[in-house]
Every structure is written in structure tokens, then in C-alpha cells.
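The values are calculated or read from the model by the stated rules, or taken from the named source; none is laboratory data. Here the structure is a predicted model, which is why all the values come from computation and not from measurement. A quick note on method: Cβ atoms are made from the backbone with ideal geometry, for glycine too, and the neighbour counts reach across all protein chains shown.
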Ligand code: NAI
Ligand code: 2OP
């Protein structure tokens, strides 16, 4: 398994480090436009591998020839939010970056599966799918795992229980209109509506929707990367080990959930061939219209693309 991570900034370097720590590849290439930076970070990671007993050979490069024949490419290249910015404010800059990155990836690794991380996530996943020409199962966006992890963390904190016992699913676009599904959220199989008052659940839903900006407002110079990299690597692991995990992920829809021609987060089965199945939940009218609103927000942004 050869994995390339494009963008060696906060998210990309953290993703790469976690791949090394978990021994998820034989070869790992870290790419960035900044000269020397991916080389230095990858060498530093490689030098950590004897301590952790990892045989991942991490190398950094500014040249896509190094990425040749990658099986999986994680795209994290792009600008991140600063206070006062929405994810959508990143669209024009990041679309140009993602377009050129995808062209280079396809040139050297025509069969690679693409895992998108750059924001605005759903629109950038669309850009990579369009530019690569890949079928929808091979271009997947990471956001739902992160949004669900935030939701799960806040529930575990409110109940003072292990995060391991909290199951939750956030669907929709990775934006303010994301759809945390309270009805499918359980603690050791018990619906959270049995465990927490409505007001607390509503506050947790709101905090989840604002999870990204809460961190941006603290950091001021960039956005989150510990939880995003952990979420990305959970998806990498599902692909590398063909685990067939059920994870909320952004994929192109062709009628599922009554949505067509748009990318938003829905539960999928994630394995070696990428998105192996879209899991269709039966939604209430309220959940369905929230998902449709979120999808429409993404659709409007896709329409503004100039690629
Ligand atoms: P960062 O600024 O730390 O790193 C971005 C890196 O991309 C920089 O090192 C930069 O030099 C590089 N880059 C820029 N243009 C490039 C190109 N053409 N080719 C290769 N590398 C290039 O930003 P950070 O925090 O790593 O975030 C990266 C992206 O991921 C942002 O768009 C951010 O909004 C997004 N993000 C998405 C999340 C999600 O849930 N999907 C979660 C967290 C971040
Ligand atoms: C987040 O939600 C920046 O989209 C990223 O933290």
C-alpha cells in the first residue's frame, strides 16, 4: 500500500504522522508546494518509526513524480479558516488548488482512491470527482466522521460516560446546515432522548454545528487538526484494511435520499474499493427536509464554481 498525503500543513502532517504510528502503509509520500517542508516533516516522522515499531517509509517531496502508483491519496492542500470566515469563503482559492492537485494525482496514479479533506469539503470533493473523472465510489469526502466525533464527545461529556459507548451520526454538508441525527444517537443502545433533556440535546446539536468555528476562534491563525486528522485516518484505515466500516462520508448521490447530482454526507460502507454501498436510512419528514436544505446549500456553491 502506497499512500500520498497532499498538503503538509496542520491536517496533512497530522494525518501522515497517524498513518506512520498505525503502520497503515509501506510507503507514505507527503507533498507540499513549500520547498523543504514536506521533506523535513517526513524525515522527522520516519525517524520516529523505530521507536513505534512502524515500517512505514515516509518521504517528503515537492514533485508529484514521487507519488507515482499511489493506492490512496488524501488531499488536505488548501487554505484554512481564520476568525470571521466561513468554510465557503475558502471556495475559490481551494478549488484552484484542488483542481491542479487532482490533475497531478491522476497523471501519476490513475487508479488511486481520493479522500478529500480540503474545505469547503463537499464542493472540493465534487471538484476532485469532476477533474479526475473517477467513478463516485473512488472520490470520497471526510467530514461526517469529524462532525459525529464532536457530537459524540459532547454527549459523553454531558453524561459523564465513556465516548466509546456513544454512537451518533451527522449527515449533510460540512457547514452550518449539517444534520446531526438525534433519533439515531444512542448510548450503549439507549436513545439519548431517554438520557438527556431536550434543551441539553439542542445545545449539543448547536455546539456540534459550530464545532469548527469554536476551535478557529480559539486558535485565531487556523482551524482544527487533531480531531480532523483522527477522523481522516479512521477512513484511511477502513480502506487500507477493507474494514467495511459504516461511516458518514461525502459522496455523489444519484437518487439516494431523494437527492441527485449533489455531494453530501450520508452513511456509507467504506472498504478497499472505497464507497461500497450507500446505506439508506428511513428519515422523518423533518430530517429529510433538513438534509435537502443542506444539500441545496452545497448545490448552490457547486453552481458558483468556475473550474
Ligand atoms: P494548513 O494551512 O496548515 O495546511 C495547508 C497546506 O497546504 C500548506 O502547507 C500549504 O503550503 C499547502 N498547499 C497549498 N497549496 C498547495 C498545492 N497546490 N499543492 C500542495 N500543497 C499545497 O491548513 P490545514 O489546517 O492543514 O487545513 C487544510 C485544509 O483542510 C483547509 O482547507 C481546511 O479548511 C480543511 N479542513 C477540513 C476539515 C474537514 O472536516 N473536512 C477539517 C479540518 C480542516
Ligand atoms: C472543522 O470543522 C475546519 O472544517 C474544519 O474544524
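So the values come out like this:
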| quantity | calculated |
| --- | --- |
| Subset of the range 123-143 [part of a loop (DSSP other than H, G, I, E, B) and either crowded, with 24+ Cβ neighbours inside 10 Å or within 11 Å of ligand 2 (Cβ to nearest atom) (or both)] | 142, 143 |
| Candidates 263, 213 - the one that is within 16 Å of ligand 1 (Cβ to nearest atom), surrounded by 18 or more Cβ atoms within 10 Å (Cβ to Cβ), in contact (Cβ under 8 Å) with a residue 24 or more places away in the chain and in a helix (DSSP H, G or I) | 213 |
| Residue that is within 16 Å of ligand 2 (Cβ to nearest atom), in contact with a strand residue (DSSP E or B) (Cβ under 7 Å, 6 or more places away or on another chain) and either modelled with pLDDT of 95 or more or in the same structural domain as residue 117 (by TED's automatic domain parsing) (or both), where the choices are 248, 228, 267 | 248 |
| Any hit, the range 203-210, residues being surrounded by 18 or more Cβ atoms within 10 Å (Cβ to Cβ), touching a residue at least 60 places away in the same chain (Cβ under 8 Å), assigned by TED's automatic domain parsing to the domain that holds residue 167 and over 19 Å from residue 177 (Cα atoms) | no |
| Of all residues making up the range 216-226, the number that are within 11 Å of ligand 1 (Cβ to nearest atom) and part of a helix (DSSP H, G or I) | 3 |
| Residues satisfying the stated conditions in the range 23-65, i.e. touching a residue at least 40 places away in the same chain (Cβ under 8 Å), surrounded by 13 or more Cβ atoms within 10 Å (Cβ to Cβ) and in a helix (DSSP H, G or I) | 64 |
| Sole exception among (1) outside any helix (DSSP H, G or I); (2) exposed (fewer than 15 other Cβ atoms within 10 Å of the Cβ) for residue 199, by number | (1) |
| Subset tally (residues that are free of Cβ contacts under 8 Å to residues at least 40 places away in the same chain and either assigned to a helix (DSSP H, G or I) or within 11 Å of ligand 2 (Cβ to nearest atom) (or both)) for the range 97-122 | 6 |
| Residue in the range 2-13 that is more than 8 Å from ligand 1 (Cβ to nearest atom) and surrounded by fewer than 18 Cβ atoms within 10 Å (Cβ to Cβ) present | no |
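For (1) under 27 Å from residue 213 (Cβ atoms); (2) away from ligand 2 (no atom under 16 Å from the Cβ); (3) under 19 Å from the mean Cα position of the chain (by Cα), each residue gets a yes or a no:
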{"residue": "14", "(1), (2), (3)": "yes, no, yes"}
{"residue": "20", "(1), (2), (3)": "no, yes, yes"}
{"residue": "48", "(1), (2), (3)": "no, yes, no"}
{"residue": "63", "(1), (2), (3)": "no, yes, no"}
{"residue": "78", "(1), (2), (3)": "yes, no, yes"}
{"residue": "81", "(1), (2), (3)": "yes, no, yes"}
